[in-house]
Amino acid sequence: MNLTVAEKILYAHVGKLTRAGDIAITPVDGAMATDTTAPMAIKAFGEMGGTRLWDAERFHLVLDHAAPAPNERVANLHKLMRDFAREQGCALYEIGQGICHQIMVEQGHVRPGHVFIGADSHTSTYGALNAMACGVGSTDLAAVMLTGKIWLKVPHTIRIDCRGQLPDGVSPKDLVLYLTGQLGISGATYMAVEFDGEAFESMTLAGRMAVANLLAEMGAKTGFVTPVGLHIPHAWAAAGWEGTFADPDANYVKTLTVDVSKLRPQVAAPESPDNVVDIDRHLGTKIDYAFIGTCGNGRLEDLRAAAAVLNGQHIAPGVRFVIAPASKQTLLDAIQDGTAYALIQAGATIINPGCGPCVGTHEGVPADGEVVISSANRNFRGRMGNPRSQIFLASPATVAASALTGEITHAGNL
Amino acid sequence: MKCSGNAHVYGDNIDTDRIIPGKYTKTLDLQSLADHVLEDLDPDFRTRFTVGDVLVGGDNFGCGSSREQAPVALKVVGISVVIARYFARIFFRNAINIGLPVLEVPDHDIQPSDVLTVDMARGEVLNQTQQKTYRATQMPDIMLAILAEGGLVPYLKKHGDYRATLR
Ligand code: SF4
């Protein structure tokens, strides 16, 4: 049939074959919105004449972007969401539960083969689970709340084949930063990306999520990490599921083949996530502030990588190191296995699970002229709340190594 | 729909943080968004702008976050239409959904302060200053139908559901 993964998933949902470039109106398996997007969506839902959600079991609200509320304005938006959830009987994840994307995966709201719509651009993260997940804005989401459907242009697909295994000390974040640099910030605009090859087959779920997270920075509509080797920690997964695979003769607009076995750690320099170079180009750049967290890399594996790099040493004087665990579960696990203890001993400040300072709302805005190194996914000017600061993006290991020395540092050189 | 105004021209990859910084987005007071529109990109924008002007970008306009506050901020400040070589996908959808006219014009050489007349129905942009006409890319029917109703809210209020369309 020469179908891509996106074409197959849509075929299964729409019940008739649509091809790249066609318009499909598809039912969705689930949807979510956050405290940045839900208030406008709830308002639009009402204005559309909506009174009941199409399916309260499949709709989820998350308080994560500015939570706990930093001011009265946000507090009132949170209240509006709580009231709506109570009235409609849908799930609302309270402050401190974590980042929407981490929660959707941890709680099993999104599954392989799903069409999932999130009112947040990094909804693409669920491509790690072989689901077709697309980020939208508030009004599109309101339409899903009302109809349980969305219209989509069936995307063309880029295939990325990564041969070989990542070298020691080179993480999935380094790989996906590299790929973002290769494709460029608009390299996959309107398209889907299929990540295939050995390098992904041996990757953890957390690593796959870090990869799919940056689809948004390639401009992609959605994407899929190969389901080969995917381990899902849910009871239903044990019952067996079949991943969706592209047909061998599927049509791609472009195929990229990369040998990853010699990749170096990468950094994205200010002010664009595709401004990516080998770390060597920026070694020694002084930093003021190191941040680990976000839906990009704030998971247990990332916190452990940071603790391993710190290895009992204290961060450099004059540097601050903020960590926002991706979810409450992440934090509990990090407490239980001693990772949190080690990080705090080393001088880190652990803040509540959620988006933290990622989007410049609260909990650690950089000062004028300061340089930040962060495990997040965006380094646009002003992203962390101050247009006169600069942000480098890197893997958690690189962020921790840089916190230790006060300058951009290759963890392998410590 | 036809509109005329001065062009405000910016480059490629204008991201949503530059259109409206994330720190201002947590509000339902849409008018307040207008006070901060484009402030990190062009601090003088508000002083040069008159209601009805046209915003012009290069490639990938509106990349970055899904915040609908970005097109809303442009709409409430009084931008009549946004032209770009092409748009980031979420911004493109959001703009149509909230009824902010946007046009993809792959080939243009619009300069700051050029006076433009935009004919949305015909997908044409007349550059009065340079005496040139540019053609826009054809939008899918469903987007045209949503825009024709003034956005997705009035569209769904009227129809109750998506109406099938194939293009
Ligand atoms: S962690 Fe950052 S990128 Fe991820 S959803 Fe939150 S604000 Fe967005």
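The values are calculated or read from the model by the stated rules, or taken from the named source; none is laboratory data. This one's a predicted model, so the numbers in the text were calculated from it and none came from an experiment. Backbone-built Cβ (ideal geometry, glycine too); neighbour counts: all protein chains shown. Protein only, heavy atoms only, side chains kept; ligands, DNA and RNA dropped before computing areas. Shrake-Rupley method; radii C 1.70, N 1.55, O 1.52, S 1.80 Å.
Out of all the residues in region A:21-39, which are within 16 Å of the ligand (Cβ to nearest atom) and either out of contact with any Cys (no Cβ under 8 Å at 6 or more places or on another chain) or among the small types (Gly, Ala, Ser) (or both)?
Selection gives A:ALA31, A:ALA33, A:ASP35, A:THR36, A:THR37, A:ALA38, A:PRO39.
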Candidate set from region A:348-357 (those that are away from the ligand (no atom under 14 Å from the Cβ) and of a type in the set (A, V, I, L, M)); member that is farthest from A:THR294 (Cα to Cα): A:ALA348
Leading residue by the ranking (nearest to A:PRO70 (Cα to Cα)) among those in region A:318-337 that are within 16 Å of the ligand (Cβ to nearest atom) and open to solvent by less than 50 Å² (accessible area, probe 1.4 Å): A:ALA324
Residue in region A:73-91 that is farthest from the ligand (Cβ to nearest atom), counting only those that are out of contact with any helix residue (DSSP H, G or I) (no Cβ under 7 Å at 6 or more places or on another chain) and open to solvent by less than 20 Å² (accessible area, probe 1.4 Å): A:ALA85
Filter result for B:ASP109 (assigned to a loop (DSSP other than H, G, I, E, B), free of Cβ contacts under 8 Å to residues at least 40 places away in the same chain, touching a helix residue (DSSP H, G or I) at 6+ places or on another chain (Cβ under 7 Å) and of a type outside the set (A, V, I, L, M, F, W, C)): no
Residues being out of contact with any helix residue (DSSP H, G or I) (no Cβ under 7 Å at 6 or more places or on another chain) and of a type in the set (D, E, K, R) - total across region A:19-33: 1
All helices (runs of 4 or more DSSP H) inside region A:98-199 with 3 or more residues being over 25 Å from A:PHE392 (Cα atoms), within 16 Å of the ligand (Cβ to nearest atom) and open to solvent by less than 20 Å² (accessible area, probe 1.4 Å): A:100-106
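Per-residue answers, yes or no, for (1) among the polar types (S, T, N, Q); (2) more than 11 Å from chain A (Cβ to nearest Cβ); (3) within 15 Å of the chain's Cα centre (by Cα):
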position: B:VAL51; (1), (2), (3): no, yes, yes
position: B:GLN69; (1), (2), (3): yes, no, yes
position: B:ALA73; (1), (2), (3): no, yes, yes
position: B:ASN97; (1), (2), (3): yes, no, yes
position: B:ILE110; (1), (2), (3): no, yes, no
position: B:ASP114; (1), (2), (3): no, yes, no
Matching residues in region B:13-37 - criterion: being surrounded by fewer than 23 Cβ atoms within 10 Å (Cβ to Cβ) and polar (S, T, N, Q): B:THR27, B:GLN31, B:SER32
Residue match in region A:358-370 (condition: within 16 Å of the ligand (Cβ to nearest atom) and touching a strand residue (DSSP E or B) at 6+ places or on another chain (Cβ under 6 Å)): yes
Subset of region B:113-130 that is at pLDDT 95 or above and part of a loop (DSSP other than H, G, I, E, B) - its residue that is surrounded by the most Cβ atoms within 10 Å (Cβ to Cβ): B:ASP114
Tabulated pairs, region A:223-238, first in contact (Cβ under 8 Å) with a residue 60 or more places away in the chain, second open to solvent by 10 Å² or more (accessible area, probe 1.4 Å) and basic (Lys, Arg), C-beta under 9 angstrom, 6+ apart or interchain: A:ILE232/A:ARG111; A:HIS234/A:ARG111; A:TRP236/A:ARG111
Residue within region A:163-182 that is facing chain B (nearest Cβ under 10 Å) and of a type outside the set (D, E, K, R) present: no
Selection count, region A:302-314, where residues are more than 16 Å from the ligand (Cβ to nearest atom) and within 30 Å of A:CYS100 (Cα to Cα): 7
Positions within region A:349-359 being crowded, with 24+ Cβ neighbours inside 10 Å and part of a loop (DSSP other than H, G, I, E, B), in sequence order: A:PRO353, A:GLY354, A:CYS355
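Okay, residues lined up against (1) within 10 Å of chain B (Cβ to nearest Cβ); (2) over 22 Å from B:LEU156 (Cβ atoms); (3) open to solvent by less than 40 Å² (accessible area, probe 1.4 Å); (4) away from the ligand (no atom under 16 Å from the Cβ):
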{"position": "A:ALA41", "(1), (2), (3), (4)": "yes, no, yes, no"}
{"position": "A:MET48", "(1), (2), (3), (4)": "yes, no, yes, yes"}
{"position": "A:ASN71", "(1), (2), (3), (4)": "yes, yes, no, yes"}
{"position": "A:TYR93", "(1), (2), (3), (4)": "no, yes, yes, no"}
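Starting from residues that are open to solvent by less than 40 Å² (accessible area, probe 1.4 Å) and in a loop (DSSP other than H, G, I, E, B), keep the ones in region A:50-68 and report whichever is farthest from A:ASN352 (Cα to Cα).
Of everything passing the filter in region A:50-68, A:GLY50 is farthest from A:ASN352 (Cα to Cα).
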Any hit, region A:338-345, residues being modelled with pLDDT of 95 or more, in a loop (DSSP other than H, G, I, E, B), within 14 Å of another protein chain (Cβ to nearest Cβ) and away from the ligand (no atom under 16 Å from the Cβ): no
Helices (runs of 4 or more DSSP H) wholly inside region B:40-102 that include at least 2 residues being buried (at least 24 other Cβ atoms within 10 Å of the Cβ): B:69-77, B:89-97
